[in-house]
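Colleague: Structure incoming, see below.
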Amino acid sequence: MENDFILGMTAIAASILIGMGALGTAIGFGLLGGRFLEGAARQPEMANMLQIKLFIVAGLLDAVPMIGVGIALFFVFANPFIGG
Amino acid sequence: MPFLSIGCLYWWYKKADKMNKASFLKTLFLTYILLISANSFSATSENNPGCFEYGEEVSSNEYISHHLVFNKGAVFPGEENGFWTVHLDSLFYSVFVAFLFCFSFYFAAKKATISPPSGWLGFVEMVVVLIDDQVKDTYHGTSKLIAPLALTIFCWVFLMNFMDLIPVDLLPYFGKCAADIEYMRVVPSADLNITFGLSLTVFLLIIYFSIKIKGLRGFAKELAFQPFGKWMLPFNLLLKLIEEIAKPLSLGLRLFGNLYAGELIFLIIALFTLGLTLEQFSPADSGYMVMQFLLGLMWALFHLVIILLQAFIFMMLTVVYLSMAHEEH
């Protein structure tokens, strides 16, 4: 009963963490994929090399929201603000 | 689900005599599917009183919290939870996986010949050539350490990440039955200590290479006088320090974040059949089993891409940072 407020705020915080991370990543991947398709359409022989670079940048892009998801899930399941 | 895995095994056995590279990869994929289909089987028999008694019903919160605790050991006795505690399970699995990688690649290297290889030898050669090409494209220096370092990082991180695909309760169940181990986390790279160990080692290597190539004066000059002139020394220093600290921080956290989130989602998927037993099996439970199998399959397939990608990213960033340590501005 005494943890109600903290639990509610934690839920909101975790949702914002995951949601904003997903938003940024989705926009980023969309831009990235669009540029890749453009580049591959202009020079089809570079498509293979560009695809490798695409995955590298995709992995980099993925990292920050994943860290956010990790922190958010940590707050949901092992909330440090709920004492003892 | 066990019948599916037995069927897959039989099909694989029948195809086993025609081992070339394509079918080797296919059998590898089949083993992944096997592991994933065994997932639902292991979580269903969770409350099975075999060698361990669940005295009371475990709630989902307790299940997840239990599975997130590391197996701690104290280096100096009497110092539990102090600075000198190690996570025995992460250490064991990372060293075990490293030995697996080293020995299998060593035996492949011993048998290497000029003629085109096949089977395991072909796979090892494929991996080595892949990484060699990547390093040749990216690294513009002359050190002979970089390519073996890249191979080690890639294969080791990939194998550590692969432990995440083993069904969540399987190895802890064996640990509890055989050796009475209370807590066990089998994915070493979901442990901040392991990933930061890797990234801090890379950081030390970056500093070592910077100093070796540019000399101590050159290194200090680069820290102090880039990117603005010498009149903004403290600002330059701050910027450079932040940039240098961000490298190992982001390397370690990226790998940790991806693997921690993946493991947590596997745990949540395993919650579907919490409390179901084979004795009190009701037809309604089969719905949960199917749900768990499907979700587990989808997430495991996606996770396959993630673990490969994250190992590759770690390796590529290591090589890129080390290559940057060679460059002069």
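Colleague: Residues in region A:34-52: is at least one at the interface with chain B (Cβ under 10 Å from one of its Cβ atoms) and closer than 25 Å to B:Ala246 by Cα?
Modeller: yes
Colleague: Take the residues in region B:270-329 that are over 19 Å from the mean Cα position of the chain (by Cα) and aromatic (Phe, Trp, Tyr), then tell me which one is nearest to the other protein chains (Cβ to nearest Cβ).
Modeller: If we take residues in region B:270-329 being over 19 Å from the mean Cα position of the chain (by Cα) and aromatic (Phe, Trp, Tyr), then B:Tyr321 is nearest to the other protein chains (Cβ to nearest Cβ).
Colleague: Residues to consider are B:Ile213, B:Ile181; find the one that is assigned to a loop (DSSP other than H, G, I, E, B), touching a residue at least 24 places away in the same chain (Cβ under 8 Å) and surrounded by fewer than 17 Cβ atoms within 10 Å (Cβ to Cβ).
Modeller: None of the others qualify; the one that does is B:Ile181.
Colleague: Still on this structure, I have one more. Just need a number here: residues in region B:89-120 that are in contact (Cβ under 8 Å) with a residue 12 or more places away in the chain, more than 28 Å from B:Val320 (Cα to Cα) and either loosely packed, with under 15 Cβ neighbours inside 10 Å or more than 23 Å from the chain's Cα centre (by Cα) (or both).
Modeller: 3
Colleague: Another question, then. Just for region A:68-81: of the residues that are without any contact (Cβ under 8 Å) to a residue 12 or more places away in the chain and under 21 Å from B:Ser250 (Cβ atoms), which one is nearest to the other protein chains (Cβ to nearest Cβ)?
Modeller: A:Gly70
Colleague: What is the residue count in region B:121-157 for residues that are touching a residue at least 12 places away in the same chain (Cβ under 8 Å) and either among the acidic types (Asp, Glu) or more than 30 Å from B:Ile213 (Cα to Cα) (or both)?
Modeller: 7
Colleague: Still on this model: Need the failing condition index for A:Met1 against (1) assigned to a helix (DSSP H, G or I); (2) more than 14 Å from chain B (Cβ to nearest Cβ); (3) over 21 Å from the mean Cα position of the chain (by Cα), just the number.
Modeller: Exception for A:Met1: condition (1).
Colleague: Only one of these is farther than 29 Å from B:Gly296 by Cα and part of a helix (DSSP H, G or I): B:Phe228, B:Phe219. Name it.
Modeller: B:Phe219
Colleague: Got at least one residue in region A:12-23 being within 11 Å of chain B (Cβ to nearest Cβ), touching a Leu at 6+ places or on another chain (Cβ under 9 Å) and part of a helix (DSSP H, G or I)?
Modeller: There is at least one residue in region A:12-23 that is within 11 Å of chain B (Cβ to nearest Cβ), touching a Leu at 6+ places or on another chain (Cβ under 9 Å) and part of a helix (DSSP H, G or I).
Colleague: Being surrounded by 12 or more Cβ atoms within 10 Å (Cβ to Cβ) and more than 20 Å from B:Gln310 (Cα to Cα) is the filter here, so list the residues in region A:23-65 that pass it.
Modeller: A:Arg35, A:Phe36, A:Leu37, A:Gly39, A:Ala40, A:Met46, A:Ala47
No value in this document is a laboratory result; all are computed from the given coordinates. Everything numeric in this text was worked out from a predicted model, so none of it was measured. Ideal geometry is used to build each Cβ from the backbone, glycine not excepted, and the neighbour counts take in all protein chains shown.
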